[in-house]
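Remarks on the structure that follows.
The values are calculated or read from the model by the stated rules, or taken from the named source; none is laboratory data. Every value quoted in this text rests on a predicted model; they were computed, and no experiment measured them. Using ideal geometry, Cβ is built from the backbone for each residue, glycine included, and neighbour counts are taken over all protein chains shown. Note: areas computed on protein heavy atoms with side chains; ligands, DNA, RNA excluded. Shrake-Rupley method; radii C 1.70, N 1.55, O 1.52, S 1.80 Å.
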Amino acid sequence: MSDGNKNIDEISGTETTGHEWDGIEELNTPMPRWWLGLFYLCILWAIGYAILMPSIPFLNSHFKGLLGYSDRAAVAMDVEAMDAQRYSMSTRLTGASLEGIQADPDLFRFAMAAGKSSFGNNCATCHGSGGQGFKGYPNLNDDIWLWGGTFDQIRHTLVVGIRAEHAETQANLMQAYGRDGLLDDEQIDDLAEYLLAFNSTDRDSEAVLRGRTIFAEQCVSCHGENAKGDQSQGAPNLTDNYWLYGGTKEDIVQTLYGGRQGVMPNWDERLSPETITALAVYVHSLGGGVDTPSPSMPVDGASQEDLQ
Ligand code: HEC
Ligand code: HEC
């Protein structure tokens, strides 16, 4: 149907605007309703948003909006909340037991993350980034411990150190048997043969027996009657074929000649108690730390019998 006042394009049947250039007419196609509706809605939304939220810039400030929202304040509040959470996490570590920490997954995760990062900053230089250790610097991943691998023992080692400056540091000095003239070269050689015989069969059996006698006289007070060590004195097991200072004959002779006094710093003055607890959780988790009481000095002499 066509209205007499309107110009209708014959071909498309659409109303034209009446503009015409060289016989080409402009069609008047209105926007679809849904599109217009959306358009007006957007305008309304923009006006509403501008009134409620910070929007219009002034010379020295800006219109703050009726809601008074501020990104800056929101971030500050988030940071504050995070700090508060971290602080409460951190204080919960004070004096916590391993069971207590492990029973709380959030606290455990927090302790592990804090321990790992502190380990990278303070410990990796000596113990390696994964705690794998180097010659003279113990591997913390295995289950071989000088002073004990329970959570409490590890924590104690971190607080007082080993041969460190703390008044109650864990200290036990193995003498420089050769340098100080306590044993001659032959005796040292015999001792090395004796120790190597725990893990290999092709040793000089005469020397091994002589070494065994010297060991019984000189070494059992710290390393135990069957050389299995004593964690209460930081004296390593000498039968497990794990050597902190190397396991070749030259290494062992050198150990006996000059003695060994590894130093692990005490951390009580440099790190907070919470950080030390986090570090103990982390080191304990590395795989070595079983929480069984440190074994008392073993007394059975099975391995000794094998030598005879
Ligand atoms: C300056 C080097 C050095 C730094 C730094 C150091 N350690 Fe040690 N650590 C040692 C040495 C050396 C020993 C072994 C001491 C010994 O021979 O008795 C040791 C021993 C230990 C032990 C005892 C291992 C055992 O078998 O009983 C633990 C646990 C330990 N370190 C953890 C740490 C942690 C955690 C840090 C970081 C806070 C750290 N160490 C930083 C040198 C270091
Ligand atoms: C006063 C206690 C004490 C006596 C006695 C002693 N040791 Fe030790 N020995 C230690 C301690 C502590 C260590 C660990 C040193 C360190 O970690 O720096 C050690 C380390 C060693 C090591 C190095 C182990 C390794 O893993 O590299 C050997 C080998 C050893 N002792 C053999 C002997 C022999 C053999 C005798 C007897 C002649 C002896 N020790 C007497 C305390 C003692």
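Odds and ends about this structure:
- By the rule of a C-alpha distance below 15 Å, with chain neighbours fewer than 8 residues away ignored, the aspartates and glutamates paired with Lys6 are Glu15, Glu20, Glu25, Glu26.
- Three-way shape label, segment 1-114, alpha-carbon gyration tensor, a/c 1.5: prolate
- Sorted largest first by accessible area at a 1.4 angstrom probe radius, with every protein chain in place, the residues Arg203, Arg86 fall in the order Arg86, Arg203.
- Positive-end residue of Ser232, Ile188, Leu209, charge dipole of segment 185-260 with Cβ unit charges: Ser232
- Tilt relative to the chain, helix 151-160 - C-alpha long axis, 0 to 90 degrees, to 10: 80 degrees
- Residues Ser70, Ser205 ordered from highest to lowest accessible area at a 1.4 Å probe: Ser205, Ser70.
- Rounded to 10°, Cα long-axis angle of helix 185-196 versus longest principal axis of the chain: 50 degrees
- Relative intensity, log₁₀ I(q)/I(0), of the chain from a Debye sum that treats every alpha carbon as a point, q = 0.11, 0.13 Å⁻¹: -0.83, -1.00
- The H on the amide N of Glu26, modeled in the peptide plane, is under 5 Å from the matching H of Thr17, Gly18, His19, each at least 5 residues off or on a different chain.
- Student exercise, the chain dipole from Lys, Arg, Asp, Glu Cβ charges, in Debye to nearest 20: 940 debye
- Computed from the C-alpha gyration tensor, the three semi-axes of the ellipsoid equivalent to segment 185-260 are 17, 14, 12 Å, from longest to shortest.
- Crossing angle, helix 71-93 versus the chain [Cα axis fit, 0-90 degrees, rounded to tens]: 20 degrees
- Cα centroid separation, segment 101-168 to segment 216-264: 22 Å.
- The charge dipole of segment 185-260, taken about its Cα centre with unit charges on the Cβ atoms of Lys, Arg (+1), Asp and Glu (-1) only, comes to about 280 debye.
- Just so you know, the averaged projected area of the alpha carbon convex hull for segment 222-275 sits at 5.4 nm².
- Here's the list of lysines a cross-link from Lys135 could span, going by alpha-carbon distance under 30 Å and ignoring same-chain residues fewer than 8 apart: Lys116, Lys228, Lys249.
- Residues Ile43, Ile188, ordered by accessible area of protein heavy atoms at a 1.4 angstrom probe radius and largest first, appear as Ile43, Ile188.
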